[in-house]
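Structure first, commentary second.
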Amino acid sequence: MSIKVESIPFFSISFWRLSLSNWEQKKEIIKELVDLKPDEDRIGICYSDYFQYNNRPPYMYKFIEVIQDEIVEFFNMAGVLVEQPNKWQMWTQMYTGADHHPLHNHGFGHFSCILYLDYDKEEHPSTRFWTPMPDPFFGNVNHLHPEVEEGDIIIFPSTIYHECPPTNSNIPRTIVAFNVPIADQSVQQNVST
Ligand SMILES: [Fe+2]
C-alpha cells in the first residue's frame with residue numbers, strides 16, 4: 001500500500017550569503033574607509049565604532065557605494081523595497097584573542113548584514129546564529145555557524161539572535177555590520193517565505 005504524503009515546511013527562515021566580486025580591490029578601498037582606533041574604539045568586549053558614531057559612521061555612504069551594485073541587485077532579487085542609505089545603520093567591529101560579542105539581535109524590520117572584512121576561516125569562527133524557536137520535537141535550541149569566506153556578506157532577518165564567540169586568535173577578525181530597513185511593510189509575507 002502506498003500512502004499519499006508530503007512534507008510541508010513551516011517556519012523556515014531564509015539567510016543569504018552574498019559573495020562580493022573583485023574582493024581584493026574592494027577590500028583595499030573599504031580598509032581605507034574604515035578607521036578603527038585601538039585607543040578610542042575599545043568597548044571592553046572588542047573594538048567597535050558603534051558608540052563613537054551612533055551607527056552613522058563618516059564612511060557609511062562611501063562604503064555603500066563600493067557594494068551598491070551588488071546589494072541593490074540582491075534586494076531586487078529578494079523583491080523588497082528598502083529605505084535609502086540615509087536610514088541605514090552601520091558599524092565596524094574587530095576581535096582578537098578573547099574578544100567576543102554576546103548574544104543580541106538588531107530589532108525589528110531590517111535586513112541585517114555582516115561583511116567579513118578581515119576573516120580567515122582557519123583562524124576565526126563565523127557568526128553564530130540561534131534559532132528563534134526550540135526544535136519542535138526535542139526542545140533543543142539549535143544554532144548555526146554559516147560557512148563564510150572573507151568578502152562574503154551574510155544577510156539575515158534582524159530579529160535573529162546571534163553572537164561572535166571568542167576568536168582565540170592573534171589575527172584580527174574585522175566585520176562591518178549594517179541594518180537596511182524594509183521600506184514597504186506590505187512585503188512581509190514575501191520576505192519571510
Ligand atoms: Fe549583531
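The values are calculated or read from the model by the stated rules, or taken from the named source; none is laboratory data. Since we're looking at a predicted model, the values are computed, not measured. Here Cβ is always computed from backbone atoms with ideal geometry, including for glycine, and neighbour counts include all displayed protein chains.
Data table
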{"item": "Any chance Tyr61 is among the hydroxyl-bearing types (Ser, Thr, Tyr), surrounded by 12 or more Cβ atoms within 10 Å (Cβ to Cβ) and more than 16 Å from the ligand (Cβ to nearest atom)", "result": "yes"}
{"item": "Options Pro134, Pro102: the member that is within 12 Å of the ligand (Cβ to nearest atom), exposed (fewer than 12 other Cβ atoms within 10 Å of the Cβ) and farther than 24 Å from Ile64 by Cα", "result": "Pro102"}
{"item": "Top-ranked residue of segment 156-175 - restricted to ones that are surrounded by fewer than 19 Cβ atoms within 10 Å (Cβ to Cβ) and among the hydrophobic types (A, V, I, L, M, F, W, C), ranked as nearest to His143 (Cα to Cα)", "result": "Ile160"}
{"item": "Residue count, segment 77-95 (criterion: within 16 Å of Ile153 (Cα to Cα) and not hydrophobic (A, V, I, L, M, F, W, C))", "result": "3"}
{"item": "Hits in segment 84-124 (condition: part of a strand (DSSP E or B) and of a type in the set (Asp, Glu))", "result": "Asp118"}
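Condition check ((1) under 23 Å from Phe129 (Cβ atoms); (2) at pLDDT 95 or above; (3) in contact with a Gly (Cβ under 6 Å, 6 or more places away or on another chain)) across all residues:
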residue: Phe11; (1), (2), (3): yes, no, no
residue: Ser14; (1), (2), (3): yes, no, no
residue: Arg17; (1), (2), (3): yes, yes, no
residue: Ser21; (1), (2), (3): no, yes, no
residue: Lys37; (1), (2), (3): no, no, no
